Amino acid sequence: MRVPFLDLKAAYSELSRELDEAVLRASHSGWYIGGPEVESFEADFAAYTEAKYCVGVGNGLDALTLALRALDIGAGDEVIVPSHTFIATWLAVSAVGAKPVPVEPASGSYNIDVASIERCITSKTKAIMPVHLYGMPVDIEAICTLAKKHGLAVIEDAAQAHGATVGGKKIGSHGDVVAWSFYPGKNLGALGDGGAITTNNEAIASRVGELGNYGSSVKYFNEERGVNSRLDPIQAAALSVKLKYLDGWNKRRQHIATIYSQALRGLGLSLPNVPTWAEPVWHLYVVATPERDALQSRLSSAGIQTLIHYPVPPHLQKAYQVLALKAGTLPVAERLAKEVLSLPIGPHLSAGDVDYVVSVLTAAT
């Protein structure tokens with residue numbers, strides 16, 4: 001038996017007729033940059049995330065980088081980031097010339113510890129960039145309160161949290177700006193790369209759109225040095241189709257997560273903890289154990305594909321040697337890098353697949 005980590009082909013097959021029609025419609029439209037498909041998706045995604053504005057960009061990293069630029073964050077500034085996250089969060093900060101300042105996860109969580117943020121704020125701090133990691137919302141309301149106290153911006157990295165809620169309110173406009181990725185493996189994934197920002201701030205939305213269009217709002221007139229980062233119409237058309245099914249696919253993920261959480265208790269694994277105020281969308285279901293490598297090997301031998309998110313924390317990557325954050329500096333992130341294991345939880349996982357994963361895990365732990 002073989003259980004894939006995520007079956008993207010099955011996701012396409014379920015919606016193939018609608019996706020094919022959407023792609024052909026976009027292809028026949030004559031609009032290959034911008035146009036009605038992009039505008040329609042931006043309006044629909046803004047409404048879905050309960051934000052006033054959405055601006056499509058080329059990918060999730062660009063969304064983060066352009067959000068920082070739109071807030072005039074750059075050289076000499078500091079941005080607080082999680083120590084345990086995908087490196088894109090840090091790369092965006094570095095891309096604008098600012099310095100990432102890492103904060104460890106909270107106890108019993110993979111998300112940034114809000115209680116530890118304040119002690120890392122300095123006169124150079126300009127923003128907090130929390131990540132709704134693995135589809136589990138961070139305590140964004142507490143972060144926004146703290147940011148307001150210190151006059152800081154909040155840029156949410158929601159690349160893994162499409163549809164997640166905090167206190168019943170969708171992730172999408174708690175902070176000053178929210179950055180999204182539509183990488184194919186995301187809960188809302190395109191047929192290639194794509195990204196967006198959502199915000200309630202018209203000036204931020206306008207500036208991100210301008211920056212992603214060569215720094216221009218009027219063709220051939222460039223107000224500043226921008227980049228080329230735009231969501232293309234074919235991806236927007238495909239995303240418009242998938243957006244209609246996002247909540248249903250998230251419910252499938254939530255059902256699988258419930259089965260895992262109930263069946264895996266007492267096996268010696270650290271299981272995800274869901275705060276009472278949060279509704280996660282389970283982009284990933286991550287367990288942790290000091291015996292991670294042996295467990296992954298057992299599962300692989302049984303035909304179950306798992307992944308490690310993430311095997312090397314950003315501060316120990318060669319790309320960040322310049323920060324001189326040596327091994328032992330961020331012990332929680334370093335421990336998690338050695339212990340976390342992501343189980344299959346895609347929306348097209350069958351009941352038999354889930355039962356098989358549970359049975360193998362039960363036998364292996």
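The values are calculated or read from the model by the stated rules, or taken from the named source; none is laboratory data. Values in this document were obtained by computation on a predicted structure and should not be read as measured data. Note that each Cβ is placed from the backbone with ideal geometry, even for glycine, and that neighbours are counted across all protein chains shown. With ligands, DNA and RNA removed, areas are computed over all heavy atoms of the protein, side chains included. Shrake-Rupley method; radii C 1.70, N 1.55, O 1.52, S 1.80 Å.
Of the candidates Val38, Val93, Val23, Val55, the single residue that is aliphatic (A, V, I, L, M) and under 30 Å from Thr329 (Cα atoms) is Val93. Out of curiosity, is Glu334 at pLDDT 95 or above, surrounded by 15 or more Cβ atoms within 10 Å (Cβ to Cβ), in contact with a strand residue (DSSP E or B) (Cβ under 8 Å, 6 or more places away or on another chain) and of a type in the set (D, E, K, R)? Against the criterion (at pLDDT 95 or above, surrounded by 15 or more Cβ atoms within 10 Å (Cβ to Cβ), in contact with a strand residue (DSSP E or B) (Cβ under 8 Å, 6 or more places away or on another chain) and of a type in the set (D, E, K, R)), Glu334 does not qualify.
To keep it simple, each residue is scored yes or no on (1) touching a residue at least 24 places away in the same chain (Cβ under 8 Å); (2) open to solvent by less than 80 Å² (accessible area, probe 1.4 Å).
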| residue | (1), (2) |
| --- | --- |
| Gly266 | no, no |
| Pro272 | yes, yes |
| Leu284 | yes, yes |
| Pro290 | yes, no |
| Leu299 | yes, yes |
| Ala302 | yes, yes |
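Residues in segment 354-365 that are under 28 Å from the mean Cα position of the chain (by Cα) and surrounded by fewer than 17 Cβ atoms within 10 Å (Cβ to Cβ): Asp355 alone. Just one of the listed residues (Ala351, Ala319) is in contact (Cβ under 8 Å) with a residue 60 or more places away in the chain and either under 25 Å from the mean Cα position of the chain (by Cα) or more than 26 Å from Ala92 (Cα to Cα) (or both), and it is Ala319.
Looking only at segment 189-239, which residues are open to solvent by 10 Å² or more (accessible area, probe 1.4 Å), among the aliphatic types (A, V, I, L, M) and within 21 Å of Ser29 (Cβ to Cβ)? Those that are open to solvent by 10 Å² or more (accessible area, probe 1.4 Å), among the aliphatic types (A, V, I, L, M) and within 21 Å of Ser29 (Cβ to Cβ): Leu191, Ile234.
Quick grid of which residues meet (1) in contact (Cβ under 8 Å) with a residue 12 or more places away in the chain; (2) open to solvent by less than 10 Å² (accessible area, probe 1.4 Å); (3) within 20 Å of His162 (Cβ to Cβ):
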{"site": "Glu18", "(1), (2), (3)": "yes, no, yes"}
{"site": "Arg25", "(1), (2), (3)": "yes, no, no"}
{"site": "Cys54", "(1), (2), (3)": "yes, no, yes"}
{"site": "Ala63", "(1), (2), (3)": "yes, yes, yes"}
{"site": "Val81", "(1), (2), (3)": "yes, yes, no"}
{"site": "Trp90", "(1), (2), (3)": "yes, yes, no"}
{"site": "Val93", "(1), (2), (3)": "yes, yes, no"}
{"site": "Val103", "(1), (2), (3)": "yes, yes, no"}
{"site": "Tyr110", "(1), (2), (3)": "yes, no, yes"}
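Among the residues of segment 188-212, those identified as over 20 Å from Asn228 (Cβ atoms), polar (S, T, N, Q) and not in a loop (DSSP other than H, G, I, E, B) are Thr198, Thr199. Every condition in (1) over 25 Å from Ala106 (Cα atoms); (2) in contact with a strand residue (DSSP E or B) (Cβ under 6 Å, 6 or more places away or on another chain) holds for Ile345 except the one numbered (1).
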